[in-house]
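Participant: Got a structure for you, questions after.
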Amino acid sequence: MKYIYAIFLVSCAFLQAGNLNAQTVTGAGSSAAAPIYRSWAKAYAKATGAHVDYDPVGSSAGMKKIQQQAVGFGATDVYPTEKDLIDHGLIALPVAITGISPIVNLPKVQNAQLRLTGDVLSRIFMGEISRWNAPEITALNPDVSLPDLAIQVVVRADGSGTTYNFADYLGKVSPKWKSSYGAKTSIPWPQGFLAFKGSDGVAKGVRDTAGAIGYVDFGYVAEYGLAAVQMKNAEGVFVKPSIDAFKAALANSEWSATGAFHQTLTQKSGKSVWPITMGTFVVFPKVTDTPEQTTQALKFIIWSFLNGDTLVQENNFVRLPDRVQASAFKVITSIRNKNGNPLGMSLISSSNSMQH
């Protein structure tokens, strides 16, 4: 609780300092997390007058921008490796939990009606199963009228944290996928797949292509009126993507047990668990060359931690457990300017000086 209280103190100081000179907050990265940042930005602008300019260019591009300190914060759905954090002088902390949903565009197939296993899904995305009435798919869906139609596989063209977590899951259920592709932000997809930039691009690609299958953050399913897929989880139970299913994965993870947030959340145990759950992260320079830019971004993120829980849930994401938020705040306190001064602490000091 002392860390949650400390967040409150820092947030108050940030907002008092920020209201004197509201500026633009800049961020770039994850397109899956874009709905959260859009909602937070709208609420933050109303509360503080500050404008948030978030560019959903994908996790890989967001990481490049924050490495260059071209933006106040980067956003990624992949926790960076320790080597990347050290080499580029970065810190990362989680923002929320979500899930990746396979989506389909099939005649007469409704949302969450089609059932797939991880093995079948991996074979589709390796190009080994190419028609919707293939025996492997019909055996899982005896009550669904599947067409004799070619499968149009829709994938990400850009470096994507969604792709990384999707590939991480497929590697856990398919030894062939693991040895052929592994978990990467960019995959050398088979020839003939339809590739689009961003989660919006994949969502539109599936929506507009008969016989398509793709993968997006769950929030895009309702936004684009898409048909999600049921997946067989680690316990052998078919489950639908949902907030409760993402919460179940979080509850059965190291995140909840220890407050650590470095491991992926795919293929966790539990009967109600969604198997393709993932975290999304914000990234800052550990020592900033642009303290004003970083400070503005920190104000926004900390304010959002304190005030954005409802908005997280409205966008079909799961809020961080208190233990994880506390761990995240400890990471925030390590951010310093080039003189070695902690940004948060210096703002508290200046705020206290103004009060006396």
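Participant: Put +1 on the Cβ of every Lys and Arg and -1 on every Asp and Glu Cβ in the chain; which of L343, V71, Q296 then has its Cα farthest towards the positive end of the dipole?
Facilitator: Projecting each Cα onto the dipole axis, the largest value belongs to L343.
Participant: Separation of region 157-232 and region 28-101 by C-alpha centroid, Å?
Facilitator: Centre-to-centre (Cα) distance: 20 Å.
Participant: Right, another one. If packing is taken as the average count of other Cβ atoms within 10 Å, what order do 223-235, 94-106 fall into, highest mean first?
Facilitator: Values: 223-235: 19.3, 94-106: 24.8.
Descending packing order for the listed peptides: 94-106, 223-235.
Participant: Put +1 on the Cβ of each Lys and Arg and -1 on the Cβ of each Asp and Glu in region 99-276; which of G236, S174, N141 then has its Cα farthest toward the positive end of the dipole?
Facilitator: Most positive-ward Cα: S174.
Participant: What size of dipole, in debye to the nearest 20, comes out for region 99-276 about its Cα centre when the only charges are +1 on Lys and Arg C-beta atoms and -1 on Asp and Glu C-beta atoms? If you can, show how the numbers build up before the last one.
Facilitator: On the way: 17 positive and 14 negative charges, 32 e Å.
So the magnitude is around 160 debye.
Participant: Would you mind working out the magnitude of the charge dipole of the chain relative to its Cα centre, with +1 at each Lys and Arg C-beta and -1 at each Asp and Glu C-beta, to the nearest 20 Debye?
Facilitator: Working: 31 positive and 25 negative charges, 59 e Å.
The calculation lands at about 280 debye.
Participant: Just for the chain, what percent of DSSP beta bridges are antiparallel, to the closest 5? Before the final figure, lay out each step's value.
Facilitator: On the way: 27 of 44 bridges.
So the antiparallel bridges amount to about 60 percent of the total.
Participant: Run lengths n ≥ 4 of DSSP H only: what is the helix-derived mean residue ellipticity at 222 nm for the chain, with -39500 (n - 2.57) per run over all residues, to the nearest 500? Could you put the intermediate results ahead of the total?
Facilitator: Values: 16 runs with 157 residues, N = 356.
Estimated from H runs of four or more residues: -13000 deg cm²/dmol.
Participant: Now for a different question. Give me the extension gain from S272 to Q23: residue separation times 0.36 nm, minus the current Cα-Cα distance, reported in nm with one decimal. Intermediate values should be presented prior to the final figure.
Facilitator: Values: separation 249, 0.36 × 249 = 89.64 nm, distance 4.39 nm.
Full extension of this stretch gives 85.2 nm more.
Participant: Roughly speaking, what is the stretch gain from Q313 to Q191, that is 0.36 nm per residue apart minus the C-alpha to C-alpha distance, in nm to one decimal? Spell out each step's value before the answer.
Facilitator: Details: separation 122, 0.36 × 122 = 43.92 nm, distance 3.80 nm.
Full extension from Q313 to Q191 adds 40.1 nm.
Participant: Each residue of region 110-123 in turn: what ³J(HN,Hα) in whole Hz from Karplus with 6.51, -1.76, 1.60 and θ = phi - 60°, glycine and Pro shown as x?
Facilitator: 8, 4, 6, 9, 6, 10, 9, 9, x, 5, 5, 4, 5, 5
Participant: Within region 290-319, list the residues whose amide N lies under 17 Å from a label point set 7 Å along Cα→Cβ of H51.
Facilitator: Zone members listed by number: 293, 296-297, 300.
Participant: For Q263 and S145, FRET efficiency with R0 = 45 Å and r from the beta-carbon atoms, rounded to 0.05?
Facilitator: Working: r = 40 Å, r/R0 = 0.90.
Here the calculated transfer efficiency is 0.65.
Participant: With a Förster radius of 25 Å, plug the Cβ-Cβ distance of S130 and V237 into 1/(1 + (r/R0)^6) and report the FRET value to the nearest 0.05. Let's see the in-between values first.
Facilitator: On the way: r = 28 Å, r/R0 = 1.12.
Step by step, r from the Cβ atoms, then E = 0.35.
Participant: For a quick check: sort R336, R131 by the number of other beta carbons within 10 angstrom, fewest at the front.
Facilitator: Details: R336 19, R131 14.
Fewest-to-most Cβ neighbours within 10 Å comes out as R131, R336.
Participant: Hey, what did region 99-276 get for relative contact order, percent, Cα under 8 Å, at least 6 apart? Mind dumping the intermediate values first?
Facilitator: Working: 361 pairs, mean separation 52.9, N = 178.
Relative contact order, region 99-276: 30 percent.
Any read-out appearing in this document is the output of simple, stated calculations on the displayed coordinates, not a laboratory observation. All figures in this text were calculated on a predicted structure; none of them were measured in a lab. Note that each Cβ is placed from the backbone with ideal geometry, even for glycine, and that neighbours are counted across all protein chains shown.
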